[in-house]
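Laboratory data are not the source of any read-out in this text; all were calculated from the coordinates shown. If you're wondering where the values come from, they're calculated on a predicted model, not measured in any experiment. Cβ placement follows ideal geometry from the backbone for every residue including glycine, while neighbour counts extend to all protein chains displayed.
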Amino acid sequence: MIIFHEIGSLQDHIKKERQKGKTIGFVPTMGALHQGHLSLISRSRQEADVTVCSIFVNPTQFNDPKDFEKYPITTSQDIRLLIKAETDILFLPSVEEIYPKGTQVDVHYDLGYLETILEGAHRPGHFQGVCQVVHRLLDIVQPDTLFLGQKDYQQCLVLKKLIELISSPTHVIIGETVREENGLAMSSRNLRLSDEERQKATNIFQVLSAIKTQRNNKTVAELTSAAEKTLLNNGFSKVDYVAIADAETLELLPPDQVPPNSKPLVALVGAFMGEVRLIDNTLLT
Ligand code: PAF
């Protein structure tokens, strides 16, 4: 694996690979890598000739400065994992390399409705920061295919919208959420949980599974309020949302509706275990 810290040398290398007719797959990350990231690397290795992974903890997407300060950094371990996974290129830039003019968000991405709900509503500015960095990374790497994880469901829709807004030719592939044996979705933030909290956090998966099995005989309000109660009774300190939405548009279903079978739906949760905010989702198909 070749590690690049600078844009110029990364682009020179990618250009040479392209001249040989090779396709480029790109897995952007913020490090603290786990099996979820590695499954995207493996997917990229299947689909593209050259796999580029980036590790960059993007300051502009943290609406909570404490969350940024505490974001886990495990770079040496990440490098070992990426070598083992046979990643071709790691891009490990500094903040100055990505934002030479400073980190202020100077472009507004018109994400419309998508930015007004769920993660968008609870983390103001978050998706603007995500778009800012992914736009920059796409400009640098110019991948044929971008690999994203389904765990960040709303982010996947936002980034598809970004690609449309900037008329990028990059194709998006979404990899399924990878879970621990007990159902907990793999997340870099899990590193901040104690063993006990990690065990309690599996309740997110339990409530999502319950919504899936009970969707045909309960209303959205009944399903989501039962899920919220279960989370609060099992160690979660705050529930930002439990929601059921159209899987393609993320339009929220009305509370009095029984989720219809006629269209793809997704159930989503955002909740705090202590100070750590966790998200997860499941498709209701
Ligand atoms: O999902 C993430 O890790 C980040 O939001 C991303 C896409 C790497 C942008 O910083």
- Task: Going by C-beta contacts inside 10 Å, put PHE68, PHE91 in order with the fewest on the left.
- Result: PHE68, PHE91
- Using the number of other C-beta atoms within 10 angstrom as an exposure proxy, rank ASP195, ASP64 with the fewest first. ASP195, ASP64
- Message: Per residue of region 14-22, what does 6.51 cos²θ - 1.76 cosθ + 1.60 with θ = phi - 60° give for ³J(HN,Hα)? Whole Hz please, x for Gly and Pro, Karplus curve as stated.
- Response: 4, 4, 5, 5, 4, 4, 7, x, 7
- Task: In Å and from the alpha-carbon atoms only, list the Rg and Dmax of region 1-134.
- Result: 16.0, 46
- Query: Can you list the HN-Hα couplings for region 212-223, worked out from phi with the Karplus curve (6.51, -1.76, 1.60; θ = phi - 60°), rounded to whole Hz and with x for Gly and Pro?
  - Reply: 5, 7, 9, 4, 7, 10, 9, 7, 4, 4, 5, 5
- Determine Rg/Rh for region 128-252; Rg is computed over alpha-carbon atoms and Rh is the Kirkwood hydrodynamic estimate from the same atoms. 1.03
- Specify the residue with the greatest mean-square fluctuation among LEU159, LEU92, LEU193, computed from a Gaussian network of the chain linking alpha-carbon atoms under 10 Å apart. LEU193
- How big is the Rg/Rh ratio for region 17-59, C-alpha atoms only, Rh by Kirkwood, two decimals? 1.04
- Message: As a footprinting exposure proxy, order LEU250, LEU231, LEU40 by other Cβ within 10 Å, with the fewest listed first.
- Response: LEU250, LEU231, LEU40
- Note on the structure: Amide H proximity to ASP240 below 5 Å, modelled H, separation 5+ or other chain, gives GLY270, ALA271, PHE272
- For the chain, projected area of the alpha-carbon convex hull averaged over all directions, nm²: 14.9 nm²
- With -39,500 (n - 2.57) per DSSP H segment of 4 or more residues and division by the full residue count of the chain, the 222 nm estimate, nearest 500 deg cm²/dmol, is -11500 deg cm²/dmol
- Note on the structure: Unit-weight point scatterers at every alpha-carbon of region 170-241, Debye formula, q = 0.13, 0.14, 0.23 1/Å: log10 I(q)/I(0) is -0.46, -0.53, -1.08
- Query: What list of whole percents do you get for P(r) of region 1-75, with Cα-Cα distances grouped in 5 Å bins up to the one holding the largest distance?
  - Reply: 3, 14, 20, 21, 18, 13, 7, 3, 1, 0
- Going residue by residue through region 258-264, the Karplus relation 6.51 cos²θ - 1.76 cosθ + 1.60 with θ = phi - 60° gives ³J(HN,Hα) values, rounded to whole Hz and with x marking Gly or Pro, of 7, x, x, 8, 6, 9, x
- Would you mind checking the pairs LYS70/LYS200; LYS212/LYS238; LYS212/LYS263; LYS151/LYS238; LYS161/LYS229 and listing those with alpha carbons more than 26 angstrom apart? LYS161/LYS229
- Task: Please sort by residue number the trypsin sites (Lys or Arg not before Pro) in region 140-242 whose DSSP state is loop and whose Cβ has at most 16 other Cβ atoms within 10 Å.
- Result: LYS218
